[in-house]
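These notes concern the structure reproduced below.
FYI, it's all coordinate maths here, none of it is from the lab. Computed from a predicted model, the values in this text were never measured in an experiment. Here Cβ is always computed from backbone atoms with ideal geometry, including for glycine, and neighbour counts include all displayed protein chains.
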Amino acid sequence: MKILVCLKRVVDYNVRVKVKPDGSGVITDGVKMSINPFDEIALEEALRIKERGDAEEVVVVTAGPGDARQQLRTGLAMGADRAVLVKVDEAPLPLDAARVLKALVDREEPGMVLMGKQAIDDDANQTGQMLAALLDWPQATFVSKLELADGKAQCTREVDAGLETIEVDLPAVVTTDLRLNEPRYVKLPEIMKAKKKPLDELTLDDLGVEFSGGLEAVKYEPPPKREAGVKVESVAELVDKLKEKGLL
Amino acid sequence: MTRILIIAEHDGNELNPSTGKCVTCARAMEPDSVDVAVFAADPKALAEAASKLDGVDHVLAVDGEHNEHILAATLAPQIAALADGYSHVLAPSTTFGKDVMPRAAALLGVPQITDIMAVEDAHTFKRPIYAGNAIVTVKAPEDRLLVGTVRTASWSAAGDGGSAEVSERSVDADIPSHTRFVKLDQHESDRPDLQTASRVVSGGRALGSEENFEIIYELADAMGAAVGASRAAVDAGYVPNDMQVGQTGKIIAPELYVAIGISGAIQHLTGIKDAGTIVAINKDEDAPIFEVADFGLVADLFKAVPELKEALK
């Protein structure tokens, strides 16, 4: 089986994101960029599946500007076999991303597509579900445990009510949650080796995909700030304050 | 015409309060009509409950064996089939809505707006991005169906004085068999529901163990509060995942939130931004939680929590 893993280049999760003063976006110049952490978990899972012999090849893919090569190289250094960059001017909206991924699935014919449950930039949480819909494949979202057997996957999902287990026929789209695994660290020799691994570049024309966009970001603003309140000296004072406010 | 369809969330027995919050959000769009669709094996009682929500015009009850356990793969094509004639289809931005709505949107060939937190007009919305570190105003085209999920913590629930008409509806959709429900492991609790409780007590990594977490439950019971936890406490195995409060867990808006032994990582703060009053108890006076707490107590939680419990007796 071949596994396709979708990576998105995002502002690193340790960066405290700030809105540009003119409200036209957030500041990304000179900011550290990384693989979306949920996607990193997806790649780690794909590598583990390959390492235990349930997959032969792991391919990392992304759609974005040329800079995203860096994140694909990191994916290769983690252990992916090859990479595909679909070069577009900016990271597409989820539905357009799903269209690109569908075209890649049609070319690559993987037995499973893995990606993070959401990207930590737009927090949309849509692309995996949309890809599954376009392919008419099963989807398992928010997965914290994944077991493969007999052409099926048992997926444990972190849902509001607890842990839900569903069974899906393969091929399927699986989106990963935080507790699925802990991604490995990349070692320096792997980074050197990754430079020799294949990284193909495609255009939307090559894939026959057209973007439809459809949503316009009118303005960006910082969130309303919550002011720090007061420090109390004792439990008794805390209880008094809460009683004053009618909260106890 | 702004005609809104809301997909009800429920567990087969009870309507989830998130449904009423979607109604409030829908009403903010000044619509011509708001309908609620209830998909269930036996939707009668649920449809009845939905019909009482203030601001609902019609309730559509869709039955069928395949609606016994709601799965995105089986529900999305039914939503797509029912969407005809509506300008908007909304669902709560809970794990239910997040799972099914993008699938429905893609079947309908339209983009989705996730986590609607404010309505400017029927096609312009505010939503949080970057874990709530920025708010973006998004405009959708007026001539296309709009699919969206509603950030429930931003909206109050609709009242229950309504009397909408209920009608049974059959939906013509291909129901796939490639996805099957196996089980739901639910952590049973008699305490108030975390997502809707007016008081919440949460514990963090500083509790140190599952056994020590007991004092959080005891305090919560003394206050009649629901119990939550930070991601660190869940990762450490002190409590199950459904108790996680934060960006990737539950986003909540209780009147009173008590954070105990929680440092206040940005992803946790994202989940409690809309709380009325935040209380923090932490022995580290520099913990970021104090930057957002209305009342902060720098203290050893193992002393302060039992003392607080006693004071409430």
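A few notes on this one:
- By the count of other C-beta atoms within 10 Å, a proxy for reagent exposure, B:LEU15, A:LEU188 are ordered fewest to most as A:LEU188, B:LEU15.
- A straight line joining the Cα centroids of segment A:210-227 and segment A:98-172 runs 26 Å.
- Cβ-Cβ FRET estimate between A:ARG82 and A:THR203, R0 fixed at 22 Å, reported to 0.05: 0.75
- When the square roots of the Cα gyration tensor eigenvalues are ordered a ≥ b ≥ c, the ratio a/c for segment B:199-312 is under 1.5, which makes its shape rounded.
- Within the protein assembly as shown, antiparallel bridges make up roughly 35 percent of the DSSP beta bridges whose residues both belong there.
- 3J(HN,Hα) along segment B:42-57, derived from phi through the Karplus expression 6.51 cos²θ - 1.76 cosθ + 1.60 where θ = phi - 60°, amounts to 10, x, 3, 5, 5, 5, 4, 5, 5, 5, 8, 5, 4, x, 9, 8 Hz, with x in place of Gly and Pro.
- Placing unit charges on the Cβ atoms of the charged side chains and taking the dipole of segment A:1-154 about its Cα centre, the candidate lying farthest along the positive direction among A:LEU101, A:LEU134, A:VAL60 is A:VAL60.
- Principal-axis analysis of the Cα atoms of chain B puts helix B:72-82 at an angle of about 40° to the longest axis.
- Cβ-based net charge around A:LEU202, under 12 Å, with every Lys or Arg adding one and every Asp or Glu removing one: -3
- The distance from the alpha carbon centre of segment A:12-89 to that of segment B:15-81 is 37 Å, rounded to a whole number.
- Averaging the sequence gap over all C-alpha pairs within less than 8 Å and six or more residues apart, then dividing by the number of residues, gives chain A a relative contact order of 23 percent.
- Note, ³J(HN,Hα) from phi for segment B:264-276, Karplus 6.51, -1.76, 1.60, rounded to Hz, x at Gly and Pro: x, 4, 3, 5, 6, 4, 4, x, 10, 3, 8, 5, x
- Filter on A:LYS50/A:LYS197; A:LYS145/A:LYS195; A:LYS32/B:LYS98; A:LYS18/B:LYS126; A:LYS102/B:LYS139 - keep pairs with C-alpha separation over 21 Å: A:LYS145/A:LYS195; A:LYS32/B:LYS98; A:LYS102/B:LYS139
- Rg/Rh (Cα only; Kirkwood hydrodynamic radius) as it applies to segment A:2-244: 1.05
- Chain A - charge dipole about Cα centre, Lys and Arg +1 at Cβ, Asp and Glu -1, debye rounded to 20: 880
- Most positive-pole-ward Cα, A:TYR220, A:ILE166, A:TYR185, against dipole of segment A:139-241 from beta carbon charges: A:TYR185
- Ranked by how many other beta carbons lie within 10 Å on average, peptides A:217-225, B:69-77, B:94-102 from highest: B:94-102, B:69-77, A:217-225
- Length gained when the stretch B:ASP172-B:ASP42 is fully extended (0.36 nm per residue, less Cα-Cα span): 45.0 nm
- Partner lysines for B:LYS303 [C-alpha distance under 22 Å; skip if fewer than 8 residues away on the same chain]: A:LYS231, A:LYS241, A:LYS243, B:LYS283, B:LYS313
- Shielding by partners for peptide B:293-303, expressed as the average number of C-beta atoms from other protein chains within 10 Å of each residue's C-beta, is 4.
- Annotation note: GluC sites (Glu not before Pro) in segment B:19-86 located in DSSP loop regions with a Cβ neighbour count of at most 15 within 10 Å are B:GLU68.
- For chain B, the longest principal axis of the Cα atoms and the long axis of helix B:18-27 meet at an angle of about 60 degrees.
- Across chain B, the relative contact order, built from alpha-carbon pairs under 8 Å that are at least six residues apart, equals 15 percent.
- Packing-based exposure ordering (other Cβ within 10 Å, fewest first) of B:ARG199, B:ARG231: B:ARG199, B:ARG231
- Distance from segment B:238-313 to segment A:176-190 (C-alpha centre basis), Å: 30
- Placing +1 on the Cβ of every Lys and Arg and -1 on the Cβ of every Asp and Glu, with no other charges, gives chain B a dipole of roughly 680 debye about its Cα centre.
- Neighbouring Cβ atoms from other chains, within 10 Å of the Cβ of residues in B:31-40, number 0 on average.
- Shown in residue order for segment A:63-79 are the 3J(HN,Hα) couplings computed by the Karplus curve 6.51 cos²θ - 1.76 cosθ + 1.60 at θ = phi - 60°: 10, x, x, x, 4, 5, 3, 3, 6, 5, 4, 4, x, 5, 5, 5, x Hz (x for Gly and Pro).
- Over segment B:199-312, Cα pairs under 8 Å with separation of 6+ residues give a relative contact order of 24 percent.
- Calculated diffusion of segment B:3-168, Stokes-Einstein form, Kirkwood radius summed over Cα pairs, 37 °C and 0.692 mPa s, µm²/s: 212
- Shape category assigned to the protein assembly as shown from the gyration tensor of Cα positions, a/c cut at 1.5: oblate
- Rounded tilt (10° steps) of B:95-108 against the dominant C-alpha axis of chain B: 30
- Across peptide B:72-80, the mean count of Cβ atoms from other chains lying within 10 Å of each residue's own Cβ comes to 3.
- Per-peptide packing, taken as the mean over residues of other Cβ atoms within 10 Å, places A:200-208, A:66-74 in the sequence A:66-74, A:200-208 from highest down.
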